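Below is one structure, written out as C-alpha cells, with a few remarks after it.
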Amino acid sequence: MTPTDKDRVWIFDTTLRDGEQSPGATMTHAEKLEIAELLDDMGVDIIEAGFPIASEGDFRAVSEIAKRSKQAVICGLARAQLPDIDRCWDAVRHAERPRIHTFIGTSPLHRAIPNLTQDEMADRIHETVTHARNLCDNVQWSPMDATRTEWDYLARVVEIAIKAGATTINIPDTVGYTAPRESADLIRRLIADVPGADEVIFATHCHNDLGMATANALAAVEGGARQIECTINGLGERAGNTALEEVVMALKTRSDIMPYETGIDTKKIMHISRRVATVSGFPVQYNKAIVGKNAFAHESGIHQDGMLKNAETFEIMRPEDVGLAATNLVMGKHSGRAALRDKLRQLGVELGDNQLKDVFVRFKDLADRKKEVYDEDILALVTATAADGQQDRLVIVNLSVQCGTGGPATAELEMEIDGREVSATCQGDGPVDATFKAVRELHPNTARLQLYQVNAVTEGTDAQATVSVRLEEDGMIATGQSADTDTVVASAKAYVNALNRLLVRRDKAGPGSDAKEISYKDVS
Ligand code: KIV
Ligand code: ZN
C-alpha cells in the first residue's frame, strides 16, 4: 500500500473494535473469529480486530485473528501509553501484516481528561508513536475528536506523528459533529499545509450522530483521504460509524462522479450484514440503505409495474451485486439435503457435514409446518443452530402454554439442566412472561433482560419469528437468538440460548477475571 495509489480507497473495518464497543453489541470469541474471516474474504484491506489492553478476551481475539489472517492487515487499538502499545503489538505481531493504531484525544475537552498541556501532549505523541514505530513498520495515529481540535494544534500534532513514523494519519470525527464540506476541507488543508503529509495515507473515521457519517467519509475522500474507516451495518458507539456497505456501494454506483476503487467483493455484503446483525443482537432497520429488508423491495403497483418492464426504473443497484439472490429457488418439504446444501451455498453459507445434518433436521421440521421456506427462513435456521461450540447446559425439552383473554397465562416447561430433567409450571402476564418465569424457576439467576425483540422473518401468518434476547449479569452481556413459527417457543429458546452463553462466559472468565471491559474513553 503506497500513497501513490491515488484512486484506490482502502477499506478499514472496525466492526470488531468500535462496533463491538457499542453497549450491548458484545460478541463471543468464536463470533469474532467468524466475522474477521468474512471481512478478510470480502476484501477488507485493514481489520481493526479489537483493543488488546481492554480485556483478556480482546487480547485473545486479536491474537487469534492475527494468526488466522489471510490478505488483510490486522490492526489493534492502543491508547497513548507504552504498556498499551506493547500489549497491542503482542497481539497483532502474529499477523502476516500487522498494524498498531494508537490515539489520543487532542481537542480542548479531551486534553482536559488527562490534564495535559498542549506541549506535554505533543511530547506524549512523539514518544508513543516513536515507540510504536520501533515495534511495527505499519503505525496508524489518530487525534481523537480531531474535528473539534484547534486547527493550529491539529496541524502541529499531525506533523509530530508523521515525523515520529506514523504511516497512516486518521482524522476522527469522534462525536459526529462535522459536515461534508468541512470534512473535505479539513483533509485537503492538512495535506496541503502539514510537512510530510504527502508521505502518509490520510484516513477518515466518522460517527453518525447527525446522520452524516457516510456523506462526511465520502467528502473526506474528495479532500484526499484514501482510507475509510467503517463498520458493517454502521454498528458503533451511539448512532454508529460510517456503514461499510454504504460507502462501498456509493463509490461503485457513482463511479462517474467519484472515480475511486475499493477491493470489496460487494456480493458478500448481504451475508456478512446478516451475520453481524445476528451475533451483535442489533437488527438492521427495514429501510436501512443497501442491507435493509426493504432496500430492494417494491410494493406499490406503479413500482412493481415499472420493475417488471425494466428494473432500472426504480433500482440504481442490482440486488445480485450486494449478494441478494435474484431468483428465489422455492424450498419445501420435498427438498432434500443436497438441495439445502446448494441453497446454503447460494446464500454464502458453507456448513460442515454435522452442522448441515442439524440444520436439515430443523429445516424438515419447519417445512412440515410451513408451506414455503424462504431464504430468510433458512438463514434464521442456520443462526439458531450455530452454537458457541459448547454443549448447552440448559435445554428445553417441552413447552406448553395456555392463555386467553382476561386471565393470566400458564406455562408448563420441561427442561434438561446439566443432563437432569426438571419441570415447572408458572403463571405470568402473557405467555412470554409465564415462560420466562418458568425458566427462572428451573434455573434461578440474576440476569437482567436488556432487550427482547421479535421480528417476522418472512410474510404470512405462518412466518418464522426470530427472537433476540439480550441479558446482562455482573457486567457480562450475552445475546441469544432463535427462530420458530411459534413466537413463544422462539422466545423461550432465545432466552435459554442467552443464559447458556452467559454460563459459558462466566466459566471462561473465572473468579476475579476482568470480564468487565474498559472503554477507550477511560484514557488517563
Ligand atoms: O471515534 C474515535 O475517535 C475513535 C478513535 C479511537 C479512532 O474510535
Ligand atoms: Zn470511533
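Filter the range 200-216 down to the residues that are of a type in the set (A, V, I, L, M) and within 12 Å of ligand 2 (Cβ to nearest atom) and list them by number. A203, A213, listed by residue number.
For the range 340-353, the set of residues classified as assigned to a helix (DSSP H, G or I) and open to solvent by 40 Å² or more (accessible area, probe 1.4 Å) consists of R341, D342, R345, Q346, D353, listed by residue number.
Please go through the range 141-155 and give me each residue that is more than 10 Å from ligand 1 (Cβ to nearest atom) and either hydrophobic (A, V, I, L, M, F, W, C) or surrounded by 18 or more Cβ atoms within 10 Å (Cβ to Cβ) (or both), ordered by number. Full working, then the answer.
Let us first name the residues in the range 141-155 that are more than 10 Å from ligand 1 (Cβ to nearest atom), namely 148-155.
Scanning the range 141-155 gives R148, T149, W151, L154, A155.
Does R505 meet the test of being among the charged types (D, E, K, R) and farther than 21 Å from V382 by Cα? Yes. Among (1) touching a strand residue (DSSP E or B) at 6+ places or on another chain (Cβ under 6 Å); (2) more than 16 Å from ligand 1 (Cβ to nearest atom), which single condition is L33 missing? Of everything listed in (1) touching a strand residue (DSSP E or B) at 6+ places or on another chain (Cβ under 6 Å); (2) more than 16 Å from ligand 1 (Cβ to nearest atom), L33 misses just condition (1). Suppose the filter is among the charged types (D, E, K, R), more than 16 Å from L38 (Cβ to Cβ) and assigned to a loop (DSSP other than H, G, I, E, B); does K293 pass it? Criteria met by K293.
Scanning the range 354-371 for residues that are free of Cβ contacts under 8 Å to residues at least 40 places away in the same chain, loosely packed, with under 15 Cβ neighbours inside 10 Å and over 20 Å from A463 (Cα atoms) turns up at least one hit.
Quickly run through the range 175-190 and pick out the residues that are open to solvent by less than 80 Å² (accessible area, probe 1.4 Å) and within 19 Å of T106 (Cβ to Cβ).
Within the range 175-190, the subset open to solvent by less than 80 Å² (accessible area, probe 1.4 Å) is 175-176, 178-180, 183-187, 190.
Selection gives V175, G176, T178, S183, D185, L186, I187, L190.
Screening Q481 on (1) assigned to a strand (DSSP E or B); (2) under 21 Å from C403 (Cα atoms); (3) not hydrophobic (A, V, I, L, M, F, W, C) shows it passes everything except condition (2). In the range 57-70, the count of residues that are within 16 Å of ligand 1 (Cβ to nearest atom) and either free of Cβ contacts under 8 Å to residues at least 60 places away in the same chain or open to solvent by 50 Å² or more (accessible area, probe 1.4 Å) (or both) is one or more. Of all residues in the range 463-478, how many are in a loop (DSSP other than H, G, I, E, B) and polar (S, T, N, Q)? The qualifying residues number 1.
Please enumerate the residues belonging to the range 424-462 that are in a loop (DSSP other than H, G, I, E, B), open to solvent by 80 Å² or more (accessible area, probe 1.4 Å) and farther than 27 Å from E372 by Cα.
Those that are in a loop (DSSP other than H, G, I, E, B), open to solvent by 80 Å² or more (accessible area, probe 1.4 Å) and farther than 27 Å from E372 by Cα: D429, P444, T446.
In the range 191-212, the qualifying residues are those that are more than 16 Å from ligand 1 (Cβ to nearest atom) and outside any loop (DSSP other than H, G, I, E, B), and the one that is most open to solvent (accessible area, probe 1.4 Å) is E199. Within the range 216-233, the set of residues being within 14 Å of the chain's Cα centre (by Cα), more than 13 Å from ligand 1 (Cβ to nearest atom) and open to solvent by less than 10 Å² (accessible area, probe 1.4 Å) comprises I232 only. Only one of the numbered conditions (1) under 24 Å from the mean Cα position of the chain (by Cα); (2) under 14 Å from A220 (Cβ atoms); (3) not aromatic (F, W, Y) is not met by M144, and that is (2).
Take H101 and tell me if it is within 16 Å of ligand 2 (Cβ to nearest atom) and crowded, with 24+ Cβ neighbours inside 10 Å.
Working: within 16 Å of ligand 2 (Cβ to nearest atom): yes; crowded, with 24+ Cβ neighbours inside 10 Å: yes.
Yes; evaluated as a whole, the condition is true for this residue.
Considered as a group, the residues in the range 311-327 that are among the charged types (D, E, K, R) and modelled with pLDDT of 75 or more include one that is farthest from T253 (Cα to Cα), and that residue is E320.
When residues in the range 91-104 are screened for being more than 16 Å from ligand 1 (Cβ to nearest atom) and either more than 15 Å from F59 (Cβ to Cβ) or out of contact with any Gly (no Cβ under 9 Å at 6 or more places or on another chain) (or both), 5 of them pass.
The values are calculated or read from the model by the stated rules, or taken from the named source; none is laboratory data. Given the structure is predicted, the values throughout are model-derived calculations rather than measurements. FYI the Cβ positions are ideal-geometry reconstructions off the backbone, even for glycines, and counts take in every protein chain you see. Remember, those area values only see protein heavy atoms, side chains included, never the ligands or the DNA or RNA. Shrake-Rupley method; radii C 1.70, N 1.55, O 1.52, S 1.80 Å.
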